[in-house]
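Worksheet for the structure shown next.
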Amino acid sequence: MSGERRDFSGRPGEPALRGVDAPAGEQPQTMKKERILIVDDDAGMRRMLARILAPLGHEVLSAENAEAAFAIATAEGVDLIISDLKMPDMDGLALLRRLREEGLDAAFILLTAFGELDTVLSARDRYELSNFFVKPILSQDKFLFDVITALRKRHLELENRRLIEALAKAN
C-alpha cells in the first residue's frame, strides 16, 4: 500500500491534503488556514478562482475592485491577494503599490493578459510581486502550486523577521 495515492482528512479544524503520498500510519503535514483575497471586476472570474482554490481549504474572500480590496486587506488582513491587472478606476499594480506604501506585506499574484507582460515584469522586483499568471489559466495545478509557493515564501519571510527581532531583543 505504500506509495498509493490517498485522501487525508487532516485534523479537526485543519484543511485536508488530497493526493499526498504518505507511508501507512503517518499523517501528512497540514498548512495553517490562510486568507486569500481575489480581486477582479469580472464576477465569473472571481467565482472560477474561488472554485480552483477550494481544495486548498483556505478562506477565500473576494472584491470587485481595488478600492474594496484595499479596504478588506487593511481592515481584516490577508495572506495572499490574487488580482487582475486591468480593472476600472485602480488597476492591480496601483493596488499593489498602495498596499506596499501602507506597509502591508501580503503575498501578491497578478493575473494579466499576454500583451501586458512587460508591465508586470518591470514591477515584479520593485513592488515585491510574488508571481504573475497569464490569463486564461490553462493549468490549475500550476496555478495552485504558485499559490502554495507564494504562501510558503511569505511564511518564511515572516518567520525570518520574527527571529531577527527576537535576536535583536536578546542582544
message: Please go through segment 144-171 and give me each residue that is hydrophobic (A, V, I, L, M, F, W, C), open to solvent by less than 100 Å² (accessible area, probe 1.4 Å) and under 20 Å from residue 54 (Cα atoms), ordered by number.
response: 144, 147, 148, 150, 151
- prompt: Of the residues 93, 49, which single one is crowded, with 16+ Cβ neighbours inside 10 Å and at pLDDT below 95?
  reply: 93
Which listed residue, of 64, 101, is in contact (Cβ under 8 Å) with a residue 12 or more places away in the chain and open to solvent by 60 Å² or more (accessible area, probe 1.4 Å): 64
message: Being without any contact (Cβ under 8 Å) to a residue 40 or more places away in the chain and not in a strand (DSSP E or B) is the filter here; which residues of segment 51-61 pass it?
response: 51, 54
query: Within segment 67-90, restricting attention to residues that are crowded, with 16+ Cβ neighbours inside 10 Å and among the small types (Gly, Ala, Ser), which residue is nearest to residue 45 (Cα to Cα)?
result: 83
message: Can you find, within segment 110-143, the residue that is farthest from residue 158 (Cα to Cα) among those that are touching a Leu at 6+ places or on another chain (Cβ under 7 Å) and open to solvent by less than 40 Å² (accessible area, probe 1.4 Å)?
response: 116
- request: Look at segment 133-164 and say how many of its residues are within 17 Å of residue 45 (Cα to Cα) and touching a residue at least 24 places away in the same chain (Cβ under 8 Å).
  value: 7
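The values are calculated or read from the model by the stated rules, or taken from the named source; none is laboratory data. Here the structure is a predicted model, which is why all the values come from computation and not from measurement. Neighbour counts run over all protein chains shown; Cβ positions are idealised from the backbone, glycine included. Each accessible area value is taken on the protein alone, full model and side chains, heavy atoms only, with ligands, DNA and RNA left out. Shrake-Rupley method; radii C 1.70, N 1.55, O 1.52, S 1.80 Å.
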